[in-house]
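Enquirer: Can you keep this structure in mind? I'll have questions shortly.
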């Protein structure tokens, strides 16, 4: 059964909306992002050839992407009033099919979200209902985190939707970095007034993304850390989002495992499978 929702915020707690992983990965413009470097450069990062600003941004946008993916991750949300941790399993195929399911805690186990194109459905096992997410909920918090539903649906790319230039090269915190400043094109469907992308020069893996509002005030910062080899790629396995207007708060996503370019049947992304 399908039903639209206008407000799913329980008393005293932020709304919990489970959405697609592919978008989470994109989040970082979210999430939703990023194509891994070759295994050769992972073993010999000092030999990485200089890239243009566009090539660097494409690396950042595609790092976690493959033709398909399956894995598990942990999301920790810290606010001034509470702290919660979710264990998630995810599947994705292409750029517009994804499924994410909560594994823990027990009281939320089975809650899932399916994305197909621009349509999103939540499954709530406690009431055995499938709910289509309306446009009015796109600005709401995603699973009580500091990401919004709209963040996770956007399919923008730095090189396509922003003008950009290298604004800094040199040493920072003991390593050589490249910083690229991105300004949105007038017609681009993005909410940021400016984004600064900082990568390490040795292998062009992202270190920091800084997001500024339309008034060019810093709104939030995404950091990337704990680089490991997953599915044959060197990837930052921890992403931490901190809002500028909420000191001490954060949302941290940790990739526990990820397999890229796996064989997935389209039935995985069906409404029937959403309720399994």
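Enquirer: Pick from the range 83-104 the residues that are more than 18 Å from residue 239 (Cα to Cα) and modelled with pLDDT of 95 or more: which of them is surrounded by the most Cβ atoms within 10 Å (Cβ to Cβ)?
Expert: 103
Enquirer: Return the pairs, sorted by first residue and then second, in which the second residue is loosely packed, with under 13 Cβ neighbours inside 10 Å, the first residue lies in the range 245-258 and is closer than 13 Å to residue 88 by Cβ, the beta carbons are less than 8 Å apart, and the residues are 6+ apart or on different chains.
Expert: 254/226
Enquirer: Mind counting the residues in the range 91-110 that are within 17 Å of residue 75 (Cβ to Cβ) and in a strand (DSSP E or B)?
Expert: 9
Enquirer: Same structure again: What is the number of the single condition among (1) within 19 Å of residue 241 (Cβ to Cβ); (2) in a loop (DSSP other than H, G, I, E, B) that residue 113 does not meet?
Expert: Of the numbered conditions (1) within 19 Å of residue 241 (Cβ to Cβ); (2) in a loop (DSSP other than H, G, I, E, B), the odd one out for residue 113 is (2).
Enquirer: Which strands (runs of 3 or more DSSP E) sit wholly inside the range 192-231 and have at least 1 residues that are modelled with pLDDT under 95 and in contact with a helix residue (DSSP H, G or I) (Cβ under 9 Å, 6 or more places away or on another chain)? Outline the logic, then answer.
Expert: Values: elements: 194-200, 206-212, 218-230.
So the answer is 218-230.
Enquirer: Could you tell me whether residue 177 is over 17 Å from residue 242 (Cα atoms), assigned to a strand (DSSP E or B) and touching a strand residue (DSSP E or B) at 6+ places or on another chain (Cβ under 8 Å)?
Expert: Details: over 17 Å from residue 242 (Cα atoms): yes; assigned to a strand (DSSP E or B): yes; touching a strand residue (DSSP E or B) at 6+ places or on another chain (Cβ under 8 Å): yes.
In short, yes.
Enquirer: Follow-up question, since we're still on this one. Please specify each residue of the range 142-152 satisfying the condition of being in contact with a helix residue (DSSP H, G or I) (Cβ under 8 Å, 6 or more places away or on another chain) and either buried (at least 24 other Cβ atoms within 10 Å of the Cβ) or modelled with pLDDT of 75 or more (or both).
Expert: Initially, the range 142-152 is screened for residues in contact with a helix residue (DSSP H, G or I) (Cβ under 8 Å, 6 or more places away or on another chain), giving 142, 147, 149, 151-152.
Scanning the range 142-152 gives 142, 147, 151, 152.
Enquirer: I would also like to ask the following. From the set of residues in the range 255-276 that are outside any loop (DSSP other than H, G, I, E, B) and buried (at least 16 other Cβ atoms within 10 Å of the Cβ), which is nearest to the chain's Cα centre (by Cα)?
Expert: Initially, the range 255-276 is screened for residues outside any loop (DSSP other than H, G, I, E, B), giving 255-260, 266-269, 271-274.
Checking the rest, the ones that are also buried (at least 16 other Cβ atoms within 10 Å of the Cβ) come to 255, 258, 260, 268-269, 273-274.
Working: 255: 11, 258: 14, 260: 16, 268: 21, 269: 19, 273: 23, 274: 21 Å.
Among them, the one singled out is 255.
The values are calculated or read from the model by the stated rules, or taken from the named source; none is laboratory data. Predicted, not measured: the structure shown is a model, and the values here were computed from it. Please note: Cβ atoms are built from the backbone with ideal geometry, for glycine as well, and neighbour counts cover all protein chains shown.
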